[in-house]
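The next block holds one structure in the form of structure tokens; read it before the comments.
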Amino acid sequence: MALSEQSPNAADSARKIVVDGVSKTYDSVQALSDVSLSVREGEFCCIVGPSGCGKTTLLRTIAGLEAADSGSVLVDGDRVTEPGLDRGMVFQEYALFPWRTVRGNIRFGLDRPACDCPDCDQRLRELVDLVGLSEFEDAYPKTLSGGMKQRVGIARALAVDPEILLLDEPFGSVDARTRDGLHEELLDIWAETRQTVVFVTHDIDEAVKLADSIVVLDDDPGTVQSTVTVDVDRPRERTSREFVDHVARIRCKLGQPSDTSQGSMNGNSC
Ligand code: ADP
Ligand code: MG
């Protein structure tokens, strides 16, 4: 079994994203306190923690949509001060334009850098295919299921071929079966693009299914409690011993002991 801790500050020249001592307060609420972590190039990193622990704030800070009160976010060593085409974001709510078709919504992603390339139509077709919506490219969002809408959101974020993909609980509103399919699709896309991914979720199973590493946040205020490396071959079976052990360990860290952890894990031992 491979359950290991990694130091967020470990020297690593391949670090794509470095969050260094970020704190953020909204009015009187401290959302993040001295948060530090790093994500290697091509790594799939999940951030887990209870509702309100600052996951969205942290992701928006990496995206450049939120400014930290102190500390910094570096991408390839450069300080993030605003959103950039190197970072694509998929929001928790679908955030699609209801008056645009599937093609139109994805096309919006391509238009961001004022695309006038003759290859745009070709790229659009590739993106629609990549997320499996070629039969629905003329459909409007109101006619799509939640899973389909989120695939449009992913295709739009991928349109400019960002080096980093940031996703905020993208599958939180879809049913469990659809979610399983979307996990496979996202892992296929990641295998193809080799992007660096930061994926926020409060679903520990989802994190263990997807991630190379899982950053566990505590709340009130949001702090990094630990980072767990998930060294399990893909595709991962939820029922496998090592999968169940990882889930139990992270539940334990979050103070949510599961049946399998009782007796073997308690308090400081998880
Ligand atoms: P999570 O995504 O983990 O649920 P958030 O980052 O959304 O957490 O929120 C962290 C804390 O900051 C919560 O207490 C939330 O109410 C507060 N918060 C988030 N955004 C704002 C905002 N724009 N104004 C005021 N408080 C906010
Ligand atoms: Mg959130």
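For Gly255, state whether it is within 16 Å of ligand 1 (Cβ to nearest atom) and modelled with pLDDT under 95. I'd like the intermediate steps shown before the answer.
Details: within 16 Å of ligand 1 (Cβ to nearest atom): yes; modelled with pLDDT under 95: yes.
Criteria met by Gly255.
Could you say whether any residue in region 170-187 is under 14 Å from Phe44 (Cβ atoms), out of contact with any Phe, Trp or Tyr (no Cβ under 8 Å at 6 or more places or on another chain) and either small (Gly, Ala, Ser) or free of Cβ contacts under 8 Å to residues at least 24 places away in the same chain (or both)?
no
Report yes if some residue within region 223-232 is at pLDDT below 95, open to solvent by 10 Å² or more (accessible area, probe 1.4 Å) and within 16 Å of ligand 1 (Cβ to nearest atom); otherwise report no.
Within region 223-232, none of the residues are at pLDDT below 95, open to solvent by 10 Å² or more (accessible area, probe 1.4 Å) and within 16 Å of ligand 1 (Cβ to nearest atom).
Test each condition in (1) within 16 Å of ligand 2 (Cβ to nearest atom); (2) at pLDDT 95 or above for Ile214 and report the one that comes out false.
Ile214 satisfies all of (1) within 16 Å of ligand 2 (Cβ to nearest atom); (2) at pLDDT 95 or above except (1).
Of the residues that make up region 8-21, is at least one of a type in the set (Gly, Ala, Ser), within 12 Å of ligand 1 (Cβ to nearest atom) and modelled with pLDDT of 95 or more? Let's see the steps before the verdict.
Step one: of region 8-21, the residues of a type in the set (Gly, Ala, Ser) are 10-11, 13-14, 21.
From what is left, the residues that are within 12 Å of ligand 1 (Cβ to nearest atom) are none.
No, every residue in region 8-21 fails to be of a type in the set (Gly, Ala, Ser), within 12 Å of ligand 1 (Cβ to nearest atom) and modelled with pLDDT of 95 or more.
For the structure I just gave you, tell me whether Glu206 is within 15 Å of ligand 2 (Cβ to nearest atom) and in a helix (DSSP H, G or I). Step through it out loud before you land on a result.
Values: within 15 Å of ligand 2 (Cβ to nearest atom): yes; in a helix (DSSP H, G or I): yes.
For Glu206, the condition - within 15 Å of ligand 2 (Cβ to nearest atom) and in a helix (DSSP H, G or I) - is met.
Name the residues in region 94-138 that are surrounded by fewer than 19 Cβ atoms within 10 Å (Cβ to Cβ) and touching a Ser or Thr at 6+ places or on another chain (Cβ under 6 Å), would you?
Asp138
Out of everything in region 233-259 that is part of a helix (DSSP H, G or I) and among the charged types (D, E, K, R), what residue ends up being nearest to Asp203 (Cα to Cα)? Break it down stepwise before answering.
Going through region 233-259, the residues part of a helix (DSSP H, G or I) turn out to be 241-253, 259.
Right, trim to among the charged types (D, E, K, R) and you get 241-242, 245, 249, 251, 253, 259.
Numbers: Arg241: 19, Glu242: 17, Asp245: 15, Arg249: 14, Arg251: 10, Lys253: 14, Asp259: 17 Å.
Looking at residues that are part of a helix (DSSP H, G or I) and among the charged types (D, E, K, R), I get Arg251.
Can you name the condition, by its number, that Thr201 falls short on among (1) out of contact with any strand residue (DSSP E or B) (no Cβ under 9 Å at 6 or more places or on another chain); (2) at pLDDT 95 or above; (3) within 16 Å of ligand 2 (Cβ to nearest atom)?
Of everything listed in (1) out of contact with any strand residue (DSSP E or B) (no Cβ under 9 Å at 6 or more places or on another chain); (2) at pLDDT 95 or above; (3) within 16 Å of ligand 2 (Cβ to nearest atom), Thr201 misses just condition (1).
So, in region 39-71, of the ones that are open to solvent by less than 20 Å² (accessible area, probe 1.4 Å) and hydroxyl-bearing (Ser, Thr, Tyr), which residue ends up farthest from ligand 2 (Cβ to nearest atom)?
For region 39-71, the residue satisfying everything is Thr61.
Going residue by residue through region 163-174, is there one that turns out to be among the small types (Gly, Ala, Ser), within 16 Å of ligand 1 (Cβ to nearest atom) and open to solvent by less than 70 Å² (accessible area, probe 1.4 Å)? Spell out how you get there, then give the answer.
Just the residues of region 163-174 that are among the small types (Gly, Ala, Ser), to begin with: 172-173.
Within this subset, residues satisfying the condition of being within 16 Å of ligand 1 (Cβ to nearest atom) are 172-173.
The next check asks that each one be open to solvent by less than 70 Å² (accessible area, probe 1.4 Å); those that pass are 172.
Yes; the residues of region 163-174 include at least one that is among the small types (Gly, Ala, Ser), within 16 Å of ligand 1 (Cβ to nearest atom) and open to solvent by less than 70 Å² (accessible area, probe 1.4 Å).
Residues checked against (1) modelled with pLDDT of 90 or more; (2) over 14 Å from the mean Cα position of the chain (by Cα); (3) among the hydroxyl-bearing types (Ser, Thr, Tyr):
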position	(1), (2), (3)
Val128	yes, yes, no
Val160	no, yes, no
Glu169	yes, no, no
His183	yes, no, no
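Kindly indicate which of Val208, Val198 is closer than 23 Å to Gln30 by Cα and surrounded by 19 or more Cβ atoms within 10 Å (Cβ to Cβ). It would help to see each step written out before you state the result.
Values: Val208 fails: closer than 23 Å to Gln30 by Cα.
Only one candidate passes the filter, namely Val198.
The values are calculated or read from the model by the stated rules, or taken from the named source; none is laboratory data. The structure presented is a predicted model; accordingly, all values stated were derived computationally and were not measured. Methodologically, a virtual Cβ is constructed for each residue, glycine included, from the backbone with ideal geometry; neighbour enumeration extends over all protein chains shown. SASA here: full protein model, heavy atoms, side chains in, ligands and nucleic acids out. Shrake-Rupley method; radii C 1.70, N 1.55, O 1.52, S 1.80 Å.
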